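Encoded as structure tokens, the structure appears first; notes follow it.
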Amino acid sequence: MTAEAGTTAPLSVAQEALWYASRLSPNRLSYNEAISLRRDGPLDVAALRRAFDELVRRHEAWRTTFDVVDARPVQRVHPPAPFELALLDLSHLSDEEAEQRAVQLVADVAKVLYDVRRGPLVRPRLVRFPNDHHRLYLALHHLVFDGVIMSRVVLPELAALYDAFAAGEPSPLAEPAYQYADYAAWEQEWITSPRVARRMQHWRRRLDTAPTLALPLDHPRPEVPRYRGGVLPVALPVALVDRLREVGQDAGATLYQVLATTWALLLGRYSGQQDVVFATPAGLRQRPELEAVVGYCVTPVVLRVALDGDPSFAALVVRVRNELLDGLDHLVPFERVVRELRLDARSSANPVYQAMIVLEPAPVHADPSWSLQLMESEIGDAVGTTKLDLELQLDQRPGGHVAGRLIFDSDLMERATAARLLAHWRRLVDAAAADPSASVDAIAMLTPAEVRRELVTWNATATDTPPGALHHRIAARAAQQPDAPAVADAERALSYRQLDEQAEAGVSAAGPRASDATAPPAAASVAWVLDALAALKAGAAPSRVDPAPAGAAATLGAELGLGPADTVLALPATLSALPVAALWAPLLAGARVVVASEEDAADGTRLSRLIAAEQVSVLAAKPAAWQALVDTGLRDARSLRALSGGGHLTRALADELCTRCRVLWNAYATAETIGCATLGLVEPTGPVTIGRPLANTRAYVCDGAGRPVALGAFGELLLAGDGVDTRERAGATLVADPGGAGRALRTGERARRLPDGRIALERS
């Protein structure tokens, strides 16, 4: 059917969503696409121009604009008109120069915003390359096309029309039976049917509990997305594609389903999740008579793939195949799913999925001189747009190979990170093709060099530490500087000699009050410090203050640059929660420790005065204590070296401390770590990390089987070495040390390794 020129028709559901998205973000380029139709050999330019005009005449979608009538968007079909299809002749240039010029030309065209009210929404450019090669580049707005119809209708029709006109013959094609307005009218009726209502219930059950894909990102997600994308080329050779087809045939699956399985596995490895959600486009032309309708007739179908149970790769392919078939059996426009689940489609991230995989079929066309390329990586990179965090777009090419592009949100991910991810995907593809019977947990993604870097290079922390228990080394410090001030509170002050002597005297026949040495003191005092040191001397102290922290304390003191010139302020709670940082490291370094009163520690204004009066240079506290100090008036302390440990340091709190203090350190410390296991300098921008392992301590980021994960990917933080208590104890989960003999502690923290070796926790 053909609409009368100038008449209006409703939009399809998918068009409506895209139209509203364009209205919300009028400067958004991510729906501007560019593809190329290619012909090798001599070209009759006049015949091609006539063929293209006839193609546009035949299909109303390509001469449609979009208007608003009675507050509703409508399609408006315009009468046919010839295009000015100028020829840009680059045949005098080298192949490389011609390619560069053509890419820039098309990118410049594709980056121009469309006026959907005025049109046109199709912008053709014809380019002649060296060696009698021609390309018809089409820049289009996604409102008027999809990839399926380009290979199924546009290329075959254009080739047939060109051949006929070049031979001086009339069009051999029958008039289209249906136009896009017919499809939109059918769809608007279809989506109100009971059948679609039942399908919506399926999606509610399937997606209500779906997790958000936790891809590791290099940068925080902006509040307002900018849809800026980077592009990397992808190519799979014929032999590999043939092997993947064989893997699919053995599992009763298609090439797409095999590739989607590798994609699911990659997303699982990078997110550290066993339940991953991503999408793939599916055609909404549900009736045979609508299959040749040109226009935007696709919708994302959401796949939720379970990776648990360690199946073989072949078995996982079957899971993915069944998930896809189930999704297609319940296919509805995704926009209605968003509405049904009451999700916010205007948020900075897609409300259901953040990653997608596309595999376009090879064009159905017998003439080898014509070809179609939808996934132009060079043009996509030059245009620089994206719709999602991550999208793998692939074409099946006539020669049997697969090519395409990986598109990533460049506001979230660095190009180097995307390139590393792509390389890991290719390793998964190669491994799956080589042995599909292997369990997915056994499929290697990392190179031996990457494994060595995680297990060895970033854990090369072995360091000789001076011998002797902690109390012996404090006694040695007392001998070196007997009259130097050691510890003080509001009531009294002791030199190093007095501290050592009075702690020795405290070891009475009844023994020290060891329990007091680990519990928060009722009133912070030098007495508590003496009790703790006396407990060490008596050898009767519990693990929190036993002699083991000597090496950890010396290491931490060295990292913080502690020395006799420093004054360290100890808060009451910090003495028990972080004794190595607040007490032992300063005393081993010969620094002076000032113990704050309960009243001073609870008031940021009073503490600020104490810091100034005592000329404090170092203060260690848990994040909660730091936040309380900031909230209660901690003022500028530019001479203060701040240490946060034993809790979650947020970026917001870090920013507050960075503006108030000279420098800020963040340490990882728990009940199972002897002092601090890791330490890192907090930068004014970027993620708040826990740094790197301290001397003789090892930190790994591993998967559930204890194997290293990819750089930047999420895994569990494991700790081992002298700085970690790996004795059997309630609540501690121990595993084999991934990097050597002995045991490692499972912390339960989701973490990732940054490119410079620092570790960031997911909660940061």
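Checking the structure you have, find out if any residue of segment 119-136 is in contact (Cβ under 8 Å) with a residue 24 or more places away in the chain and farther than 28 Å from L43 by Cα. Scanning segment 119-136, I find at least one residue that is in contact (Cβ under 8 Å) with a residue 24 or more places away in the chain and farther than 28 Å from L43 by Cα, so the answer is yes.
Which of the following residues is assigned to a helix (DSSP H, G or I) and either modelled with pLDDT of 95 or more or more than 30 Å from I674 (Cα to Cα) (or both): R453, R473? After ruling out the rest, the residue left standing is R453.
If we scan segment 97-105, do we find a residue that is without any contact (Cβ under 8 Å) to a residue 40 or more places away in the chain and buried (at least 19 other Cβ atoms within 10 Å of the Cβ)? Yes, some residue in segment 97-105 is without any contact (Cβ under 8 Å) to a residue 40 or more places away in the chain and buried (at least 19 other Cβ atoms within 10 Å of the Cβ).
Here is a yes/no grid of residues against (1) modelled with pLDDT under 85; (2) open to solvent by 40 Å² or more (accessible area, probe 1.4 Å); (3) on the phi > 0 side of the Ramachandran plot:
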| position | (1), (2), (3) |
| --- | --- |
| V317 | no, no, no |
| V358 | no, no, no |
| A366 | yes, yes, no |
| S369 | no, no, no |
| Q373 | yes, no, no |
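The condition (being of a type in the set (S, T, Y), under 28 Å from the mean Cα position of the chain (by Cα) and open to solvent by 10 Å² or more (accessible area, probe 1.4 Å)) is satisfied by just one residue among Y296, Y256, Y270: Y256.
Looking at E16, is it among the acidic types (D, E) and closer than 28 Å to V338 by Cα? Yes: the conditions hold for E16.
Of all residues in segment 355-400, which are of a type in the set (A, V, I, L, M), closer than 29 Å to L265 by Cα and assigned to a strand (DSSP E or B)? Answer for segment 355-400, where residues must be of a type in the set (A, V, I, L, M), closer than 29 Å to L265 by Cα and assigned to a strand (DSSP E or B): A355, M356, I357, V358, L359, L390, L392, L394. Of the helices (runs of 4 or more DSSP H) that lie entirely inside segment 190-305, those containing 3 or more residues that are within 21 Å of Q396 (Cβ to Cβ) and in contact with a strand residue (DSSP E or B) (Cβ under 9 Å, 6 or more places away or on another chain) span 238-250, 255-271.
Of all residues in segment 681-699, those satisfying the criterion of being out of contact with any helix residue (DSSP H, G or I) (no Cβ under 7 Å at 6 or more places or on another chain) and modelled with pLDDT under 95 are E683, T685, G686, P687, T697. For first residues located in segment 403-432 and surrounded by fewer than 20 Cβ atoms within 10 Å (Cβ to Cβ), partners that are among the hydroxyl-bearing types (S, T, Y) and part of a loop (DSSP other than H, G, I, E, B) and lie 6+ apart or on another chain with Cβ distances below 8 Å form the pairs R427/T447.
Can you work out which of the residues in segment 196-236 that are among the charged types (D, E, K, R) and farther than 30 Å from K111 by Cβ is least open to solvent (accessible area, probe 1.4 Å)? Only one residue tops the list, namely R199.
Would segment 667-686 turn up any residue that is in contact with a strand residue (DSSP E or B) (Cβ under 8 Å, 6 or more places away or on another chain), open to solvent by 30 Å² or more (accessible area, probe 1.4 Å) and among the hydroxyl-bearing types (S, T, Y)? For segment 667-686, residues in contact with a strand residue (DSSP E or B) (Cβ under 8 Å, 6 or more places away or on another chain), open to solvent by 30 Å² or more (accessible area, probe 1.4 Å) and among the hydroxyl-bearing types (S, T, Y): present. Scanning segment 622-644 for residues that are in contact (Cβ under 8 Å) with a residue 60 or more places away in the chain, out of contact with any Asp or Glu (no Cβ under 6 Å at 6 or more places or on another chain) and more than 30 Å from P220 (Cα to Cα) turns up nothing. Of all residues in segment 679-720, those being touching a residue at least 60 places away in the same chain (Cβ under 8 Å), over 23 Å from S271 (Cβ atoms) and of a type in the set (D, E, K, R) number 2.
Filtering segment 599-646 to residues that are buried (at least 16 other Cβ atoms within 10 Å of the Cβ), part of a helix (DSSP H, G or I) and acidic (D, E) leaves only D600. Against the list (1) assigned to a loop (DSSP other than H, G, I, E, B); (2) open to solvent by 30 Å² or more (accessible area, probe 1.4 Å), the condition L649 fails is (2).
Please state which of the following conditions K387 fails to meet, knowing it meets all the rest: (1) among the charged types (D, E, K, R); (2) closer than 28 Å to R221 by Cα; (3) over 17 Å from the mean Cα position of the chain (by Cα); (4) open to solvent by 20 Å² or more (accessible area, probe 1.4 Å). Tallying (1) among the charged types (D, E, K, R); (2) closer than 28 Å to R221 by Cα; (3) over 17 Å from the mean Cα position of the chain (by Cα); (4) open to solvent by 20 Å² or more (accessible area, probe 1.4 Å), K387 fails exactly one: (3). The residue of segment 444-480 that is most open to solvent (accessible area, probe 1.4 Å), among those that are of a type in the set (D, E, K, R) and farther than 16 Å from A554 by Cα, is R452. Among the residues that make up segment 68-76, is at least one of them among the small types (G, A, S) and either crowded, with 21+ Cβ neighbours inside 10 Å or touching a helix residue (DSSP H, G or I) at 6+ places or on another chain (Cβ under 9 Å) (or both)? No, every residue in segment 68-76 fails to be among the small types (G, A, S) and either crowded, with 21+ Cβ neighbours inside 10 Å or touching a helix residue (DSSP H, G or I) at 6+ places or on another chain (Cβ under 9 Å) (or both). Only residues that are open to solvent by 10 Å² or more (accessible area, probe 1.4 Å) and closer than 16 Å to V735 by Cβ were counted across segment 687-708, and they come to 7.
This table checks each residue for (1) within 15 Å of P579 (Cα to Cα); (2) hydrophobic (A, V, I, L, M, F, W, C); (3) at pLDDT 85 or above.
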| site | (1), (2), (3) |
| --- | --- |
| A522 | no, yes, no |
| S525 | yes, no, no |
| V529 | yes, yes, yes |
| A538 | no, yes, no |
| A553 | yes, yes, yes |
| E559 | no, no, yes |
| G563 | no, no, yes |
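Touching a residue at least 40 places away in the same chain (Cβ under 8 Å), of a type outside the set (V, I, T), in contact with a Pro (Cβ under 9 Å, 6 or more places away or on another chain) and open to solvent by 30 Å² or more (accessible area, probe 1.4 Å) - does that describe any residue in segment 186-195? Taking every residue of segment 186-195 in turn, at least one turns out to be touching a residue at least 40 places away in the same chain (Cβ under 8 Å), of a type outside the set (V, I, T), in contact with a Pro (Cβ under 9 Å, 6 or more places away or on another chain) and open to solvent by 30 Å² or more (accessible area, probe 1.4 Å). In this structure, is R304 basic (K, R), at pLDDT below 95 and open to solvent by 20 Å² or more (accessible area, probe 1.4 Å)? No, not satisfied.
Of the residues making up segment 218-232, not a single one is without any contact (Cβ under 8 Å) to a residue 24 or more places away in the chain and either over 24 Å from A419 (Cβ atoms) or aliphatic (A, V, I, L, M) (or both).
The set of residues in segment 319-352 being modelled with pLDDT of 90 or more, surrounded by 14 or more Cβ atoms within 10 Å (Cβ to Cβ), farther than 26 Å from F408 by Cα and touching a Lys or Arg at 6+ places or on another chain (Cβ under 9 Å) consists of D326, H330, L331, V332. The residues in segment 581-598 that are part of a helix (DSSP H, G or I) and over 13 Å from I474 (Cα atoms) can be counted, and the count is 3. Tell me whether segment 659-666 contains one or more residues that are touching a residue at least 40 places away in the same chain (Cβ under 8 Å), part of a loop (DSSP other than H, G, I, E, B) and either open to solvent by 30 Å² or more (accessible area, probe 1.4 Å) or in contact with a Gly (Cβ under 9 Å, 6 or more places away or on another chain) (or both). Within segment 659-666, none of the residues are touching a residue at least 40 places away in the same chain (Cβ under 8 Å), part of a loop (DSSP other than H, G, I, E, B) and either open to solvent by 30 Å² or more (accessible area, probe 1.4 Å) or in contact with a Gly (Cβ under 9 Å, 6 or more places away or on another chain) (or both).
The values are calculated or read from the model by the stated rules, or taken from the named source; none is laboratory data. If you're wondering where the values come from, they're calculated on a predicted model, not measured in any experiment. In this analysis, Cβ positions are derived from the backbone assuming ideal geometry, glycine residues included, and neighbour counts consider all displayed protein chains. We work out accessible area using only protein heavy atoms, side chains counted, and drop any ligands, DNA or RNA first. Shrake-Rupley method; radii C 1.70, N 1.55, O 1.52, S 1.80 Å.
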